[in-house]
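The structure appears right after this line, and notes come after that.
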Amino acid sequence: MKLPYLPYNDWQETRITLHLIFQIIGKIRLASTPRKNHWWYITEYVSPLGFTTGTIPLTDGFSSFEIILNIHKKAIQLIHSNGEIESLPLENGYAIGTFYADILDVLKRWELHPKFVEKPMDMGIDKPFVEITEYHHYHWDAIYQFWQMMSWVDSVFKEFSGRFYGKTCPVHLYWHHMDLAVTRFSGKMAPPMDSNARISDKDAYSHEVISFGFWIGDENLPEPAFYSYTAPSPPGLENEAILPKEAFWMDANGSPMAILKYKDLLTSPSPRSILLDFLESTYQAGAKKAGWDIEFLTVIPLDNL
């Protein structure tokens, strides 16, 4: 099957609308879920229906709910463990401010009142969700393409994550930058961050990590791409060889980040193998330079057990 491709500039208004929806859903999960290390309790996941929060437990221990962006139904669905299902159709003209009020009304009917910062995070929009009326765009062909891309990457990331014996996060979507990510941990504490660092960064980088991700692009790199970085970044990382030949190191806020453009997979007869090579080579580069016990952390083939 040919890989889908969605150029960064082809769906700008829909992309921002979708990003805002992911932020709202993610903040609801953040406010409703017990804390888990490194912010794993705020993320969303790729699913056969689209994107989901997964099960969000309620405090009585017997009830739960889930929020799904259902690609096939073109709607946000809220599902309660009591059997209730509420749908909010996503049609052109349905503004983010109206959606925000509607989804909170559903939660209020279920006697749920999540408290969170009611503004977008790092999107350059400095007003509450309820006042955002300029984004109301749903180009469903583009959203479907985005979901297909994310679904394929999700499957490759899951295969890659199974090769590591150490602590590994789920393959999940962070709504901060709308990127799909999977992170490996050495098990060692990282040096404390500056006291002025954001609490989100302090928790995310409390331990040594090598992270891998895919995002649809941003202003610095306006096209879909894969990335990998090691934190704390060891000296000389950017001099390590990585695969495939199209991959390269770039500066990201003073630290090297490995990049492989999604479009470089499109003409390959084996894009899955190419992506796995990128993930493995960037892991080896970071783990080697940071002094991880690579052999100890590598999953042994079943035939060798």
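General observations
- Gain on full extension, evaluated as 0.36 nm per residue between residue 220 and residue 268 minus their Cα-Cα distance, stands at 14.7 nm.
- Whole-angstrom gap from segment 264-305 to segment 54-74, using each part's C-alpha centre: 34
- Positive-end residue, segment 149-305 charge dipole about Cα centroid, Cβ charges, pick of 217, 191, 267: 191
- Sequence of 184, 35 once ranked by neighbouring C-beta atoms within 10 Å, starting from the fewest: 35, 184
- Over the chain, Cα pairs under 8 Å with separation of 6+ residues give a relative contact order of 16 percent.
- Cβ charges +1 (Lys, Arg) and -1 (Asp, Glu), total dipole of segment 8-131, debye: 300
- Lys/Arg +1, Asp/Glu -1 at C-beta; segment 8-131 dipole; positive extreme among 112, 34, 47: 34
- Potential extension, residue 295-residue 36 segment - 0.36 nm per residue separation minus Cα distance: 90.4 nm
- Shape of segment 244-297 from the C-alpha gyration tensor: oblate (a/c of 1.5 or more and a/b not above b/c, with a ≥ b ≥ c the square roots of its eigenvalues).
- For segment 113-183, the gyration tensor built on C-alpha atoms gives an oblate shape. Its axis ratio a/c (a ≥ b ≥ c) is at least 1.5, and a/b is not larger than b/c.
- Classified by the C-alpha gyration tensor, segment 161-204 has an oblate form. Its axis ratio a/c, with a ≥ b ≥ c, is 1.5 or above, and a/b does not exceed b/c.
- The listed peptides 79-91, 42-54, ordered by packing as a protection proxy, come out as 42-54, 79-91 (highest mean of other Cβ atoms within 10 Å first).
- Per principal axis, descending, Cα span of segment 158-305 in whole Å: 48, 46, 30
- Subset of 36/188; 115/158; 115/261 violating a 30 Å alpha-carbon distance limit: 115/158; 115/261
- Segment 94-148 - charge dipole about Cα centre, Lys and Arg +1 at Cβ, Asp and Glu -1, debye rounded to 20: 180
- Dipole magnitude of the chain about its Cα centre (Cβ charges: Lys, Arg +1; Asp, Glu -1), debye to nearest 20: 520
- The chain - mean residue ellipticity at 222 nm from DSSP helices (-39,500 (n - 2.57) per run, n ≥ 4, rounded to 500): -9500 deg cm²/dmol
- Pairwise label distance in nanometres, residue 101 with residue 206, each label 7 Å out on the Cα-Cβ vector: 4.0
- All-pairs Cα distance distribution in segment 54-164, expressed in whole percent, bin size 5 Å: 2, 9, 15, 17, 18, 17, 13, 6, 1, 0
- When the Cα atoms of segment 190-265 are aligned to their principal axes, the ranges along those axes come out at 40, 26, 17 Å in descending order.
No lab work stands behind these numbers, since they all come straight from the coordinates. Just so it is clear, the model here is predicted, and its values are computed rather than measured. Don't worry about glycine lacking a Cβ; one is built from the backbone with ideal geometry, like all the others, and counts go over all protein chains shown.
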